[in-house]
Amino acid sequence: MKRTAGLVLVLAIAGCATPQVPEPAAPPTLSDAVFKTMLTAAFTSNKMAEWEPAAAALLGRTDLTDAQRAQVYFARRINRGVWVESGTVATPQCAVMDIDRGLALVSEGRAAEAAKRDRMYQESRYQFFIAPGNCD
C-alpha cells in the first residue's frame, strides 16, 4: 500500500512538470549589403514624391535591424530638413521627428552625433517654415 501511494505521488509530481518549450527563433533580418542597396535606391530620386514613399516602404519592413532603421530615419531627415522642390518647402519639424526616432534606436556613433548636431540647426529653422499637419 505504501509503495502504491509513493508511486502515485511520483506520477502526480511528474505530471505537473512544466514541459520545455523551445525558444522562438530570432526573426530574420536584412543583410547590411542588401539594405545599403535598398537605402541608396530609396533616396536616389530628387523628387519628394518618390523618396518619401520609398523611405516609408523601407520603414514599414519588419526585417530591419535597429541600426538599419535608424539609418533610414537619419537619411530621410536630411531630405526633409533641407528639401525645397517646385514651391514646396523644407519641413524641419519632420526632420527633428526623424532625428528623435533614429536616436531612440541608435544613440552612439558618427551618424547619431551628426543627427544630434543637425537637431539644433533644424530647431532654429522652425520660425521660417510652417509645420506640416503630419510627418508620417
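The values are calculated or read from the model by the stated rules, or taken from the named source; none is laboratory data. Keep in mind that this is a model prediction, so the values were computed, not measured. Please note: Cβ atoms are built from the backbone with ideal geometry, for glycine as well, and neighbour counts cover all protein chains shown.
Could you tell me whether segment 95-104 includes any residue that is at pLDDT 90 or above, loosely packed, with under 11 Cβ neighbours inside 10 Å and of a type outside the set (A, V, I, L, M)? Checked segment 95-104: no residue is at pLDDT 90 or above, loosely packed, with under 11 Cβ neighbours inside 10 Å and of a type outside the set (A, V, I, L, M). Checking every residue in segment 23-37 against the condition of being touching a helix residue (DSSP H, G or I) at 6+ places or on another chain (Cβ under 7 Å) and over 30 Å from GLN127 (Cα atoms) gives at least one match. Which of the residues belonging to segment 45-68 are surrounded by 11 or more Cβ atoms within 10 Å (Cβ to Cβ), more than 15 Å from ARG80 (Cβ to Cβ) and without any contact (Cβ under 8 Å) to a residue 40 or more places away in the chain? Within segment 45-68, ALA57, ARG61, ASP63, LEU64, THR65, ALA67, GLN68 qualify. One residue stands out in segment 105-129 among those that are surrounded by fewer than 13 Cβ atoms within 10 Å (Cβ to Cβ) and of a type in the set (A, V, I, L, M, F, W, C): the one that is modelled with the highest pLDDT, namely MET120.
Taking the condition within 23 Å of ALA33 (Cα to Cα) and either among the hydrophobic types (A, V, I, L, M, F, W, C) or part of a helix (DSSP H, G or I) (or both), does ARG80 pass? The answer is no for ARG80.
Take GLN122 and decide whether it is in contact with a Phe, Trp or Tyr (Cβ under 9 Å, 6 or more places away or on another chain), in a helix (DSSP H, G or I), touching a residue at least 40 places away in the same chain (Cβ under 8 Å) and not charged (D, E, K, R). Against the criterion (in contact with a Phe, Trp or Tyr (Cβ under 9 Å, 6 or more places away or on another chain), in a helix (DSSP H, G or I), touching a residue at least 40 places away in the same chain (Cβ under 8 Å) and not charged (D, E, K, R)), GLN122 does not qualify.
I'd like to know if segment 110-119 contains one or more residues that are over 29 Å from ALA26 (Cβ atoms), of a type in the set (A, V, I, L, M, F, W, C) and in contact (Cβ under 8 Å) with a residue 24 or more places away in the chain. Among the residues of segment 110-119, at least one is over 29 Å from ALA26 (Cβ atoms), of a type in the set (A, V, I, L, M, F, W, C) and in contact (Cβ under 8 Å) with a residue 24 or more places away in the chain, which makes the answer yes.
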